[in-house]
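Enquirer: Can you read through this structure? Questions will come right after.
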């Protein structure tokens with residue numbers, strides 16, 4: 001009898017430990033099939049983040065992940081969400097690789113049981129994870145992933161679990177083209193673009209359409225492939241075409257290299273780019289070569305609503321934040337608003353709530369459209385890179401808000 005009692009007690013202890021392990025960290029023990037998934041059991045609410053912590057895009061990914069950590073610390077210190085539940089961040093490095101992004105999301109939804117995902121920064125990664133999100137019924141809010149196909153597919157159908165807080169490549173391309181023609185009064189433009197980048201090609205396409213519709217002429221159009229370091233052959237042809245402005249719709253590393261080489265060749269045309277430019281590394285690598293350039297950005301760094309976040313980040317990490325700090329701040333704010341609207345950390349309830357909330361962020365007031373999952377009515381901020389003689393450094397100077405309807 002004593003042996004039987006001991007055996008029964010052992011069995012009870014094993015089951016007790018098993019159930020304690022399943023409920024202690026916020027993940028649901030069920031599969032990722034919608035209603036029962038997404039961090040709605042236990043004491044914590046799990047949020048996922050993916051982005052590049054290694055590779056060329058690491059400065060953006062590091063800043064973005066640090067910002068989410070900072071914001072979660074702040075939220076938890078203020079009492080958490082849903083009446084006192086703490087948030088827990090689970091993050092993975094995508095290494096600037098779409099396949100790594102897919103693997104990361106698979107882990108987040110099946111192993112970690114997150115209720116939603118923030119990031120990534122890059123369009124290729126955001127596109128790649130679509131099928132995993134659909135299967136798991138878990139939503140992702142991209143930060144600076146601007147390819148239009150992320151939220152609306154080729155059939156014109158909205159991707160049900162893909163959202164974003166930034167405007168799209170067509171929008172910023174049209175803004176750049178319109179500003180170059182209407183405000184800067186340029187008539188001749190050249191384009192240097194990355195043939196391997198959907199971002200670069202989409203930006204370029206809508207710049208051309210808008211610029212030509214306003215009476216401008218594209219006098220040269222030259223291509224390179226990401227990873228190239230010598231742009232002189234293409235720039236020589238561009239110089240011969242004598243443009244007033246050169247569109248460079250790609251990322252800061254290639255921008256710095258091509259801008260430096262353009263100036264070395266004696267090209268004096270104004271340079272113009274988009275949200276792939278902003279990075280402190282750009283100033284360090286390009287300096288005077290990009291002085292006077294125009295950038296289509298998502299917000300004004302000197303906006304009174306933006307400055308407190310900048311100061312908060314500098315105080316915690318001792319360095320100036322990248323653009324991703326501000327974009328992920330607003331993605332996080334939209335997500336928290338949706339969680340509170342849903343009244344739970346159920347992933348499908350959060351998805352349903354994402355288009356029902358309005359959030360006043362640092363990049364503008366954000367409402368995600370039901371038919372697009374993109375922010376409705378966000379204007380771009382046109383900035384010029386200038387040298388501040390008092391500070392002895394380059395900076396982005398806000399010129400004006402500009403929309404495609406102007």
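Values quoted throughout were computed directly from the atomic coordinates according to the rules given, and no laboratory measurement underlies them. What you see is a predicted model, and the numbers here were worked out from it, not measured in a lab. FYI the Cβ positions are ideal-geometry reconstructions off the backbone, even for glycines, and counts take in every protein chain you see.
Enquirer: Just to be sure I understand the model, the point goes 7 Å from the Cα along the line to the Cβ. What's the resulting residue 153 to residue 384 distance in nm?
Expert: 4.6 nm
Enquirer: Helix-only mean residue ellipticity at 222 nm, the chain, DSSP H runs n ≥ 4 weighted -39,500 (n - 2.57), per residue, nearest 500. What is it?
Expert: Values: 13 runs with 158 residues, N = 406.
Estimated from H runs of four or more residues: -12000 deg cm²/dmol.
Enquirer: While we're looking at this one, here's another question. Calculate, for residue 106 and residue 311, the FRET efficiency according to 1/(1 + (r/R0)^6) with r their C-beta to C-beta distance and R0 35 Å; round to the nearest 0.05. Don't skip to the end; give the middle numbers.
Expert: Working: r = 38 Å, r/R0 = 1.07.
The computed FRET efficiency comes out at 0.40.
Enquirer: Kindly express, to the nearest 10 degrees and within the range 0 to 90, the angle between helix 323-342's C-alpha long axis and the longest C-alpha principal axis of the chain.
Expert: Between the helix axis and the principal axis of the chain, the angle is about 40 degrees.
Enquirer: Kindly rank 377-390, 328-341 from highest to lowest mean number of other beta carbons found within 10 Å of each residue.
Expert: Numbers: 377-390: 16.5, 328-341: 23.2.
Ranking, from highest mean packing down: 328-341, 377-390.
Enquirer: So what's the projected area for segment 229-369, the Cα convex hull averaged over all directions, in nm²? Could you put the intermediate results ahead of the total?
Expert: Working: hull surface 44.8 nm².
With every direction weighted equally, the projected area is 11.2 nm².
Enquirer: Shifting gears a bit: Compute the normalised compactness of segment 319-392: alpha-carbon radius of gyration over 2.2 N^0.38 Å, N being the residue count.
Expert: Working: Rg = 16.1 Å, N = 74, 2.2 N^0.38 = 11.3 Å.
This ratio for segment 319-392 stands at 1.43.
Enquirer: Quick one: grab Rg to one decimal and Dmax as a whole number for the chain, Cα atoms only, in Å.
Expert: 23.5, 98
Enquirer: For segment 116-255, take the convex hull of the Cα atoms, compute a quarter of its surface area, and give me that in nm², please. Can you show the working numbers first?
Expert: Values: hull surface 36.1 nm².
Result: 9.0 nm².
Enquirer: Could you work out which residue, out of 89, 71, 184, moves most in a Gaussian network model of the chain, that is, has the largest mean-square fluctuation with Cα springs under 10 Å?
Expert: Of the options given, 184 has the highest mean-square fluctuation.
Enquirer: Further question: Taking N as the number of residues in segment 185-270, what is its alpha-carbon radius of gyration divided by 2.2 N^0.38 Å?
Expert: Values: Rg = 12.0 Å, N = 86, 2.2 N^0.38 = 12.0 Å.
Working it through for segment 185-270, the quotient is 1.01.
Enquirer: Which residue fluctuates most in the GNM of the chain (Cα springs below 10 Å): 323, 314, 150?
Expert: In this elastic network of the chain, the residue with the biggest mean-square fluctuation among 323, 314, 150 is 314.
Enquirer: With the cut-off at 1.5 for a/c, could you classify segment 255-307 from its C-alpha gyration tensor as rounded, prolate or oblate?
Expert: Values: a/c = 2.69, a/b = 2.15, b/c = 1.25.
It is prolate, given that a/c is not under 1.5 and a/b is the larger ratio.
Enquirer: Please determine, in degrees from 0 to 90 and to the nearest 10, the orientation of helix 58-77 with respect to the longest principal axis defined by the Cα atoms of the chain, where the helix direction is its Cα long axis.
Expert: 40 degrees
Enquirer: Further, regarding this structure: To the nearest µm²/s, what D does Stokes-Einstein give for segment 281-353 at 4 °C and 1.567 mPa s, using the Kirkwood radius over alpha carbon pairs as Rh? Walk me through the numbers on the way to the answer.
Expert: On the way: Rh = 15.0 Å.
Result for D is 86 µm²/s.
Enquirer: For segment 271-300 and segment 352-406, what is the centre-to-centre distance using only Cα atoms, to the nearest Å?
Expert: 16 Å
Enquirer: What angle do you read, to the nearest 10 degrees and between 0 and 90, between the alpha-carbon axis of helix 2-23 and the longest principal axis of the chain?
Expert: With rounding to tens, the tilt is 20 degrees.
Enquirer: Which order do the peptides 228-236, 78-86, 202-210 come out in when sorted by mean C-beta neighbours inside 10 angstrom, highest first? Walk me through the intermediate numbers first.
Expert: On the way: 228-236: 15.6, 78-86: 13.4, 202-210: 23.2.
Ranked by mean Cβ neighbours within 10 Å, highest first: 202-210, 228-236, 78-86.
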